[in-house]
Each structure stands twice: as structure tokens, then as C-alpha cells.
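Notes follow the structure.
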Amino acid sequence: MSAPHTIVTGGASGIGAATVEKLRGRGHAVTIFDLTPSADPDSEAVDVTDEDAVSAAFDRAAARRGPVTGLAMSHGIRGAYVPALEMDIARIARLYEIHVIGALVVARQMVRRLDGRPGSVVLVSSTTAYGGWANQTDYGTAKAAERQLMANLAIEWAPLGVRVNAIAPGHTRTPMVQDLIDKEGYDVSDVERRAPLGRLAEPAEQAEAIAWLLSDATFVTGQCLPVDGGWTAAGK
Ligand SMILES: NC(=O)c1ccc[n+]([C@@H]2O[C@H](COP(=O)([O-])OP(=O)(O)OC[C@H]3O[C@@H](n4cnc5c(N)ncnc54)[C@H](O)[C@@H]3O)[C@@H](O)[C@H]2O)c1
């Protein structure tokens, strides 16, 4: 049997890059879709919100490595981390476009090409999709919409043999979180105090859950798995 071919969006950095490494270690052929060009030969510089560009990138990837049957979506930008009263509406719209519309665009480009083959999709939502968070009106609502998108696609695509799941990472040591710390003074020690496991996650820990849902969890669909050191389970 040939190696499964999986696309990882946002695969040039953070959780996506760790997922690329994990999947390759498990025998997947992986193509990276990222806005940031990469030296990786199996990489496409593509904006996930541009459906024509995504479609062309799928065709090139399939010509190189065969039909794509797996998709892990880890693209994204951080929120402005300001109160809702101060948020810039155009920036919120772009954030929704990237996280939510971008996920739909890439997922349906894969499913349209499956031609009867079974497929698997994993989205990356967030713990900010659970409950209310100050300063997260832009990002948190986008990540909640991504979780809902996952459930809707899982129901529509189950008859096609396509599983769709998500993870909800807690705070993870990636360039996105480092940028929040550096530019917005985000207080990570407060996060560590609140997280039951008492620390941030490493990208490889998120990649492990993505790889499991993508390949091994053959009777799981429509689920979002928090990978958060107990954050969403805490009752306070
Ligand atoms: N780091 C965390 O604590 C955390 C927590 C919860 C959820 N997440 C989510 O995990 C995912 C990965 O985050 P990360 O922390 O690894 O961030 P990151 O900034 O390290 O990586 C994100 C990648 O997405 C790419 N990207 C951005 N816009 C794109 C576009 N329009 N088209 C294609 N690629 C695009 C970037 O170029 C970058 O390589 C994001 O969806 C993020 O919202 C992260």
C-alpha cells in the first residue's frame, strides 16, 4: 500500500510544523500549505482563503505525491488581544476569513477530489472556543465557529467515508503565543497557575493528538478533543 498523502496547512510553523514531522515519522507523504514560503520541497506557498490558488496547489501536490486523503489544518493568526469595544472590524473579518472560511475552502477542495476514497480531516480549534474569555472576542468566536464547522462537515461527509474531527489546544509554546507575550504582555505565568497540569503544551503534544484523530481513530467523527492539560475540565 502506498503512503497516505496528507496536507498540513500552517505547516511552516508551530503546531503545524510539529504535525508535519510527526506524520512523516509515521510514513505519510506530507505537503505543506502555508502563506510563508518554505524551503521544504513538498511545500506550496498558498493563502488558504484563495480558493483558486488552493485548488491549483492541490493539483500540483497530487501530481507530485498522489491523491490527497488526509488534511490537518493548523493555519491561523492570533487575535488582537484587546477589549471588544476597541476591536477593528476589518481585522475581525480577516481573522474569520482565515480561520473559518479558509478551513472550509481547503477541506472541500480535498473532498471534491476523493473520488470514492475514504478521507480524514482534523481542524485546530482552541480552548477559547469554550466559555467566555476577556479580550478574545475576535479569536475565540472564530475558533468556536471552527469547532461548529467541524461538526457540520462531519455530518455531511460521513456518508462519503470522510471523518472530520478537531483538537482544541490549550496554550502551546509556538511563535503565535510568543508574539502575544512579546507584543501584548500576555501573562503566561497566570496561564501556568490556572492549568491543572501546571504548564504550557509543547507543539509535539498537539501533533500527537492530531495524528491520532487523523489516522488511528477510525470510529471517531464530529468530535473536538481538548489537548489542554485539564484547562476545560477545571470547574472554577
Ligand atoms: N499556540 C497556541 O497556544 C494555540 C492554542 C489554541 C489554538 N491554536 C491554533 O493552532 C493553530 C496553529 O497555531 P500556532 O500556534 O502553531 O501558530 P503559528 O503562528 O506558529 O503558525 C501558524 C501558521 O499559519 C500560517 N498562516 C497564517 N495565515 C495563513 C493563510 N491565510 N494561509 C495559509 N497559511 C497561513 C502562518 O504562516 C504560520 O506558518 C492556529 O489555528 C491557532 O489558532 C494555537
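The values are calculated or read from the model by the stated rules, or taken from the named source; none is laboratory data. Remember, it's a predicted structure, so these values are computed and weren't measured experimentally. Note that we place each Cβ from the backbone using ideal geometry, even for glycine, and neighbour counts take in every protein chain shown. Ligands, DNA and RNA are stripped out before the accessible areas are found, and what is left, the full protein with its side chains, is counted by its heavy atoms. Shrake-Rupley method; radii C 1.70, N 1.55, O 1.52, S 1.80 Å.
Residue by residue, what Karplus-based ³J(HN,Hα) values in Hz, rounded to whole numbers, does region 36-43 have, using 6.51, -1.76 and 1.60 with θ = phi - 60° and x for Gly and Pro?
7, x, 10, 6, 4, x, 9, 9
State the extension gain, in nm to one decimal, for the chain segment bounded by Asp182 and Asp52, taking 0.36 nm per residue of separation less the distance between their alpha-carbons.
Computed gain between Asp182 and Asp52 is 43.3 nm.
Set the Förster distance to 30 Å, then compute FRET efficiency between Arg91 and Arg117 from the Cβ-Cβ distance, nearest 0.05.
Result of the calculation: an efficiency of 0.20.
Please list, ordered by chain and number, the residues whose modelled amide H lies under 5 Å from the amide H of Val30; skip anything fewer than 5 residues away on the same chain.
Sorted by chain and number, the residues that satisfy this are Thr6.
Mind pulling up the Rg/Rh value for region 5-234? Radius of gyration and Kirkwood radius, both on Cα.
Ratio value, two decimals: 0.95.
Rounded if a/c is under 1.5, else prolate if a/b beats b/c, else oblate: with a ≥ b ≥ c from the C-alpha gyration tensor eigenvalues square-rooted, which is region 142-236?
Prolate is the answer for region 142-236, as a/c is 1.5 or above and a/b outweighs b/c.
Give me the extension gain from Ala158 to Ala233: residue separation times 0.36 nm, minus the current Cα-Cα distance, reported in nm with one decimal.
Stretched fully, the Ala158-Ala233 segment lengthens by 24.1 nm.
What whole-number value in Å² describes the accessible area per residue of region 97-236 for a 1.4 Å probe?
Heavy-atom SASA per residue in region 97-236 reads 46 Å².
Peptides 69-76, 109-116: what's the order by average Cβ count within 10 Å, highest mean first?
Descending mean neighbour count gives 69-76, 109-116.
Hand me the trypsin sites (Lys or Arg not before Pro) from region 1-76 located in a DSSP loop with no more than 16 other Cβ atoms within 10 Å, in residue order please.
Those that pass, being in a loop and sparsely packed, are Arg26.
Output the antiparallel fraction of DSSP beta bridges having both residues in the chain, as a percent to the nearest 5.
0 percent
Search the structure for amide H atoms under 5 Å from the amide H of Gly11, placed 1.01 Å from N in the peptide plane, and list their residues when 5 or more places away or on another chain.
Phe33
Hey, can you rank 29-37, 51-59, 179-187, 122-130 by average C-beta count inside 10 Å, highest first?
Order by mean packing, descending: 122-130, 29-37, 51-59, 179-187.
About its Cα centre, what dipole magnitude does the chain give when the only charges are +1 on Lys and Arg Cβ and -1 on Asp and Glu Cβ, stated in debye to the nearest 20?
Magnitude of the dipole: close to 620 debye.
With a sphere of radius 12 Å drawn around the Cβ of Glu51, what net charge do the other residues whose Cβ falls strictly inside it have (Lys, Arg +1; Asp, Glu -1)?
Overall, the nearby charge balance is -2.
Once amide H atoms are placed 1.01 Å from N in the peptide plane, what residues at a sequence separation of 5 or more from Gly222, or on another chain, have their amide H within under 5 Å of its amide H?
Close amide H contacts, sequence-distant or interchain: Val164, Asn165.
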